[in-house]
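Accompanying notes for the structure given below.
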Amino acid sequence: MLDGIYAGEEQVFRFYPDGLVLDVLVRPAATPQSGALIATWLRREDPPASVHTARYTRDGGAYTFETRGHLRDEQVVVQVTKAKDHLVVDRRDGGRPRRNLRFDRIFP
C-alpha cells in the first residue's frame, strides 16, 4: 500500500494505506521543507475545497485511481509505480498522456 505525501512539479498527492488519496495543486512547487506544513492542512478530515479525493487500487505493481482535472473539469486517470526513492506517475488527462512523471516523498 501507499502512504505519505509525494510532490511533483505543482501537484501533490497524499496517500493513505486504506486506499484514500488526496490530490491538490500547490504553487510554488512543494519541497521536503514544506512537507510538514502541507501535512497540517492536507488531511482526510475536512479537506479544503480545492482538494480532490479518490480511492486507489493495486493491480500487480501498479496503483491506479481516477480523479478530476484541476484546471479543466475532465477525468484524469493516474497510474503510480514505486521506484527506489520516488514514485513514477503516468496520467491521462482528457486523452492527453503524460508519462514518467517523478513524485518525491516530502512527508513523513
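Read the figures in this text as sums done on the coordinates, not as results from a lab. Since the structure is predicted, the reported quantities are computational estimates derived from the model, not experimental observations. A quick note on method: Cβ atoms are made from the backbone with ideal geometry, for glycine too, and the neighbour counts reach across all protein chains shown.
Before moving on, here are some points about what is shown:
- Per principal axis, descending, Cα span of the range 7-92 in whole Å: 33, 32, 24
- Sparse packing (at most 15 other Cβ atoms within 10 Å of the Cβ) combined with a DSSP loop state is found for the following GluC sites (Glu not before Pro) in the range 41-108: Glu45, Glu74.
- Couplings for the range 57-70, taken from phi via the Karplus curve 6.51 cos²θ - 1.76 cosθ + 1.60 with θ = phi - 60°, read 10, 10, 9, x, x, 10, 10, 10, 8, 10, 9, 10, x, 7 Hz in order; Gly and Pro are left as x.
- Counting only trypsin sites (Lys or Arg not before Pro) that DSSP places in a loop and that have at most 16 other Cβ atoms within 10 Å, the longest clean stretch of the chain runs over 1-42.
- Extension gain from Met1 to Val77, taking 0.36 nm per residue of separation minus the Cα-Cα distance: 25.5 nm
- Taking each residue as 0.36 nm, the span from Ala29 to Asp85 lengthens on full extension beyond its C-alpha to C-alpha distance by 18.3 nm.
- Helix-only arithmetic for the chain: the sum of -39500 (n - 2.57) across DSSP H runs with n ≥ 4, divided by the residue total, places the mean residue ellipticity at 222 nm at -1500 deg cm²/dmol.
- Diffusion coefficient, µm² s⁻¹, Stokes-Einstein with Kirkwood Rh over alpha-carbon pairs of the range 55-106 at 4 °C and 1.567 mPa s: 112
- Sequence-distant contacts, meaning Cα pairs under 8 Å at least 6 residues apart, place the relative contact order of the chain at 26 percent.
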